[in-house]
Amino acid sequence: MRIILLGPPGAGKGTQASNIANEFHITHISTGEIFRKIQKEGTSLGLKAKEYIDKGLLVPDDLTVEIIDDRLDRKDCIEGFILDGFPRTIIQAKALDDKLKAKKISLDLVINIQLKNQLIINRITGRRICENCGENYHTNFYPPKIEGKCDLCGGQLFQRKDDQEETIKKRLEVYTNQTQPLIDYYKDKGILHTINGEQSIEGVFKDIKIILQGVL
Ligand code: ADP
Ligand code: ADP
Ligand code: ZN
């Protein structure tokens, strides 16, 4: 199964992509996570990406497409994948179409998680991430059992630099201008499913499972 998760920052793409990956055993690819990893490793690509990420801007398309191109060639993508946070521009979507066409495969569905701006801001400001394993938490909606510590590995939780309020406004603007047009792009292809992201994590996952079971 080849799936794209679409939605504004904080919509729950990462949370739901992990749920799908665990239950359906599909490879989860998050461009945001790849960028954070190469940043931490201090590679020149990682440091270049950081300049954009910290300002709430998108990393340039050529760099992002190159990363995804390599990632999709890995063996664990043969059976399928969930793209979380890619594509984010029409140029990226077209590059993905070309890539899949060359591999003689196609997308099964695009799940668009929708929610209103005020909720987005609450989601992002409360987001905390494990520095060790990357697990996602929320101070109010999905708190860890012990404050500041990861339930899975005991790692320290931190707030992303780009999750602070000033940067969020920029990211929402970028989403509206550059990413939102993808909704119509995939609607025109007939593979878009929009779900209500204002429900609980379990509620959203239930809706996703209904859609997935429809195409399995
Ligand atoms: P995205 O990958 O779209 O940016 P995340 O999955 O990281 O979104 O979710 C953003 C924050 O909101 C995280 O802290 C996560 O724990 C929390 N969250 C995700 N889905 C829900 C939900 N349905 N209800 C409440 N909180 C949620
Ligand atoms: P969120 O969970 O808030 O949706 P991500 O973790 O997916 O954010 O991405 C964090 C940042 O990494 C983005 O704000 C952007 O700067 C960069 N990024 C991630 N994916 C892409 C992409 N497909 N194209 C360009 N930049 C990206
Ligand atoms: Zn952890």
(message) Out of the residues in segment 49-64 meeting the condition of being within 18 Å of Gly14 (Cβ to Cβ) and not in a helix (DSSP H, G or I), tell me which one is farthest from ligand 2 (Cβ to nearest atom).
(response) Gly56
(request) Spot the failing condition for Lys99; the list is (1) more than 16 Å from the chain's Cα centre (by Cα); (2) surrounded by 15 or more Cβ atoms within 10 Å (Cβ to Cβ); (3) within 13 Å of ligand 2 (Cβ to nearest atom), and only one is missed. (result) (3)
(message) Residues to consider are Ile67, Ile113; find the one that is in a helix (DSSP H, G or I) and either at pLDDT below 95 or within 29 Å of Ile208 (Cβ to Cβ) (or both).
(response) Ile67
(request) Answer yes or no: is there a residue in segment 3-14 that is surrounded by 19 or more Cβ atoms within 10 Å (Cβ to Cβ) and more than 14 Å from ligand 2 (Cβ to nearest atom). (result) yes
(request) Please enumerate the residues belonging to segment 22-42 that are part of a helix (DSSP H, G or I) and within 16 Å of ligand 3 (Cβ to nearest atom). (result) Asn22, Glu33, Arg36, Lys37, Lys40
(request) Starting from segment 49-71, keep only residues that are among the basic types (Lys, Arg), then list their pairs with residues that are modelled with pLDDT of 95 or more and more than 8 Å from ligand 2 (Cβ to nearest atom) whose Cβ atoms are within a distance under 6 Å, requiring at least 6 positions of separation or different chains. (result) Arg71/Ile29
(request) State whether one or more residues within segment 122-134 are at positive phi and either modelled with pLDDT under 95 or not aliphatic (A, V, I, L, M) (or both). (result) yes
(request) Scan segment 72-98 residue by residue and report those that are assigned to a helix (DSSP H, G or I) and in contact with a strand residue (DSSP E or B) (Cβ under 6 Å, 6 or more places away or on another chain). (result) Asp76, Cys77
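The values are calculated or read from the model by the stated rules, or taken from the named source; none is laboratory data. Because the structure is a prediction, the values reported are computed rather than measured. Neighbour counts are summed over all protein chains in view; Cβ atoms, including those assigned to glycine, are modelled from backbone coordinates with ideal geometry.
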